[in-house]
Amino acid sequence: MNGLEMLAVLGAGVAAGTVNTIVGSGTLITFPVLLAVGYPPVLANVTNSVGLTPGSVSGAIGYRSELRGQRARLVRLGAASLLGGLVGGLLLLTLPAAAFRSIVPVLIGLSLVMVVIQPSLARRLATSRGPGRHHGGPALHLGVFGAGIYGGYFGAAQGVLLIGVMGVLLDEPLQRINAAKNVLVALVNGTASILFIIVSDVAWQAAGLIALGAVVGGQIGARIGKRVPAPALRGLIVLVGLAAIAKILTG
């Protein structure tokens, strides 16, 4: 890469780290930039996953105050994320890129519907179900596992999927759900990245630039995201999710 290309990748990392911490879908920024500077799709996808992992950790640290009291939940859900990330990473290395093309937009679309209806649905569930909603039950673990598979495979809108699932199945404010989302995304990306480093090629120069930018972006995103009111954050999630669907269908 020349100097301008390096700056473009670094800037994309900052933007992706910021967006990932607030909502998700930062991959829609970094992945096209990696393709534009000449990396082939699979190498770009692998490199992107490795590069964005430190940004996910940075975003989770930035939301540490909203994570208080969620340790037990995250231990349980983290196991589902780790396993899902491993399965998704293996799928990326073994399946053609078009394998998920038809179902990914559907999954994102369903997640957006869940994000929109979450307030009213959560109120109804709170009156019709007992304390199990505090833990989410098997449906939550299955949903987190599925989001982990998708995140390990590609990752764009992984955060939207997680917020949609957790928002419906947990009786928690949106900001606390977003904080938990950042931890689970970090686990998925980290697991997939370790797999990629062991068995695949990584463009380390690009990965390092993305990582540096994403760490900065993670802190920026945490500062911005915690100040966004829940209705506005919900609207932003929907907009980003729709952009993800459009990008995948036209990409």
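Taking 0.36 nm per residue of separation and subtracting the Cα-Cα distance, what length does fully extending residue 76 through residue 93 add? Full-extension gain reported as 3.4 nm. Once backbone amide H atoms are built at 1.01 Å from N, residue 26 has 20, 157 as its partners under 5 Å, excluding neighbours fewer than 5 places away on the same chain. Counting charges near residue 68 (Lys, Arg +1; Asp, Glu -1) among other residues having Cβ under 15 Å from its Cβ returns a value of +3. Checking every one of the trypsin sites (Lys or Arg not before Pro) in segment 42-80 against DSSP loop status and a limit of 12 other Cβ atoms within 10 Å picks out 68. Based on the Stokes-Einstein relation at 4 °C and a viscosity of 1.567 mPa s, and on the Kirkwood radius from alpha carbon pairs, segment 161-216 is assigned a translational diffusion coefficient of 98 µm²/s.
No lab work stands behind these numbers, since they all come straight from the coordinates. Values in this document were obtained by computation on a predicted structure and should not be read as measured data. Neighbour counts are summed over all protein chains in view; Cβ atoms, including those assigned to glycine, are modelled from backbone coordinates with ideal geometry.
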